[in-house]
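Below: the structure, in structure tokens.
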Amino acid sequence: MSVTGKTALITGSNSGIGLGIAQELARAGANVVLNSYTDNQEDHALAEEISRETNTTARYIQADLSKGDAARALVEKAGQVDILINNAGIQHVAPIDEFPAEKWDMIIAIMLSSVFHTTAAALPMMRKAGWGRVVNIASAHGLTASPYKSAYVSAKHGVVGMTKVVALETAREPITANAICPGYVRTPLVEAQIPDTAKKYNMTEEEVIEKVLLERQPSKEFATTEQLGGVAAFLCSDAAAQITGTTISVDGGWTAL
Ligand code: NAD
């Protein structure tokens, strides 16, 4: 079975990795639902552009995933979700004793609790349709840690754990759940970390990219949103029907170190 005619909901998909995955799944024939917390003309225009380019149906639905009921309502508004890509994310960097509690709560809400809510709402739809794919965008930080990223690392380790639980609960059904663990991908989320890190370490932005960001990525190259789209499409393919409960690293060798 291919993804043609399936509906894929990709959370946090008006930029970066989510947008790359939405574009790739639409190219493979899926109807996609884009999402973010904003509701601008540009957001809807992204969906229109995907529809036009791929001859599929693409829609944009606003939902603030820091709120559990909004996360569940997003799935309901999508109408049918065959493929759920949990991707929305934010970052905040600070030592744990200075980490603002409200940032902790926000990161856990958007990156961990929303995955629980969307998955809980989408699984009954997948069961009814007799097919489903859950793909969680975790991180190399779902498998390893870095200082100053307590909330992010905790949320991503939590997502990897939840992925395994969902895989076990659906193991006897034609539904799979897996996590993709990217290393650094040059998206707005990563761009935003460069100036602060440069200031902190008194480095140029080029030095931050080479010596800080890509320090742990042995390939010394960023992964791309297109590559992540390709891996997500693979996990939705028939070839991946027996791949469940696992993590796939797209990190240039980071977790091999
Ligand atoms: P990005 O900033 O381009 O995308 C994040 C998306 O999440 C955006 O669409 C944003 O609007 C959305 N979002 C943020 N808060 C939201 C909210 N409250 N409700 C709904 N949507 C919300 O960043 P990205 O790098 O593409 O990140 C996508 C995912 O990939 C994140 O989960 C991130 O942790 C993960 N990731 C990124 C990298 C990287 O190097 N860029 C590495 C590993 C994992």
Tilt of helix 41-54 relative to the longest C-alpha principal axis of the chain, in degrees (0 to 90, nearest 10)?
60 degrees
Report the label-to-label distance for ALA94 and GLU207 in nanometres (one decimal), using points 7 Å from each Cα along the Cα→Cβ vector.
2.6 nm
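Under a Cβ-Cβ cut-off of 12 Å, what is the net charge of the residues other than ALA129 that fall near it, where Lys and Arg count +1 and Asp and Glu count -1? Intermediate values should be presented prior to the final figure.
Working: positive: LYS6, ARG127, LYS128, ARG133; negative: ASP82, GLU173.
Here the count lands on +2.
Hey, with R₀ at 25 Å, roughly what FRET efficiency would ALA239 and LYS77 work out to, going by the Cβ-Cβ distance, to 0.05?
Numbers: r = 31 Å, r/R0 = 1.25.
Efficiency computed from Cβ-Cβ geometry: 0.20.
Among the listed pairs LYS164/LYS200; LYS77/LYS220; LYS128/LYS164; LYS6/LYS220; LYS77/LYS200; LYS164/LYS199, which are separated by more than 32 Å between their Cα atoms? Provide the component values of the computation, followed by the final result.
Numbers: LYS164/LYS200 37 Å; LYS77/LYS220 41 Å; LYS128/LYS164 22 Å; LYS6/LYS220 36 Å; LYS77/LYS200 43 Å; LYS164/LYS199 39 Å.
Over 32 Å Cα-Cα: LYS164/LYS200; LYS77/LYS220; LYS6/LYS220; LYS77/LYS200; LYS164/LYS199.
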Relative to the longest principal axis of the chain, what angle (0 to 90°, nearest 10) does the C-alpha long axis of helix 225-235 take?
40 degrees
So, in Å, what gap is there between the alpha-carbon centers of the range 60-92 and the range 152-190?
15 Å
About the Cα centre of the range 129-257, what is the dipole size in debye to 20, counting +1 per Lys and Arg Cβ and -1 per Asp and Glu Cβ, all else neutral?
360 debye
Charge-dipole axis of the chain as Lys and Arg at +1 and Asp and Glu at -1 on Cβ define it, positive-most pick from GLY68, GLN242, ILE85
GLN242
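Return the tail of the calculated pair distribution for the chain, meaning the percent of Cα-Cα pairs more than 24 Å apart.
Working: 14576 of 32896 pairs.
Distances greater than 24 Å cover 44 percent of the Cα pairs.
Read-outs: derived from the displayed coordinates by stated rules, not from any lab. In this text, all values refer to a predicted model and were calculated from it rather than measured experimentally. All Cβ positions, even for glycine, are placed from backbone atoms using ideal geometry, and neighbour counts span all protein chains on display.
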